[in-house]
Amino acid sequence: MTEPDIVPDHERATIRAQLQAYLNAHAIGVPRLQQLVDETLDAADKPYVDLRSLQRFMADSVRIEDAKVMRYRKFLKIVQGD
């Protein structure tokens, strides 16, 4: 029996859309976004923030681990002031 996803597909889509909006609003690309995420999050989160996974998540080409997606969500909460 497989374990349920921690971050369901509809939430992944929302996170992806919010990250895309952030990219557009700041006129940056995914490599710069990865640097900002890395700079914003705690040291314990840094192993979960790599360029390749972020690029794949943004392109929705491969299902990225929930632990990484949770870090993207954490970044969004910080920059959006929630």
Per-residue SASA entry for residue 65, accessible area with 1.4 Å probe, Å² rounded to 10: 110 Å²
Residue 48 accessible area, assembled protein chains, probe 1.4 Å, Å²: 80 Å²
The chain, relative contact order [Cα under 8 Å, separation at least 6], %: 37 percent
Rounded Å value of the spacing that divides the Cα centres of region 8-45 and region 62-82: 7 Å
Probe 1.4 Å - accessible area at residue 41, Å² to nearest ten: 10 Å²
Residue-by-residue Karplus 3J(HN,Hα) for region 58-67, coefficients 6.51, -1.76, 1.60, Hz, glycine and proline x: 5, 7, 6, 9, 9, 6, 8, 3, 4, 4
Sequence of 77, 46, 68 from largest to smallest accessible area, 1.4 Å probe: 77, 46, 68
Size of electric dipole in the chain: Cβ of Lys, Arg +1 and of Asp, Glu -1, about Cα centre, debye, nearest 20: 240 debye
Proximal charge balance of residue 68 [Cβ under 12 Å; K/R count +1, D/E count -1]: +4
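Could you order 78, 64 so the one with the most accessible surface comes first? Probe is 1.4 Å. Present the calculation step by step, with values, prior to reporting the outcome.
Numbers: 78 85, 64 15 Å².
Output order, biggest surface exposure first: 78, 64.
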Nearest 10 degrees, 0 to 90: helix 30-40 Cα axis against the chain principal axis: 90 degrees
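The values are calculated or read from the model by the stated rules, or taken from the named source; none is laboratory data. Owing to the predicted nature of the structure, the values given are computational and were not obtained by experimental measurement. Backbone-built Cβ (ideal geometry, glycine too); neighbour counts: all protein chains shown. For accessibility, only protein heavy atoms count, side chains too; no ligands or nucleic acids. Shrake-Rupley method; radii C 1.70, N 1.55, O 1.52, S 1.80 Å.
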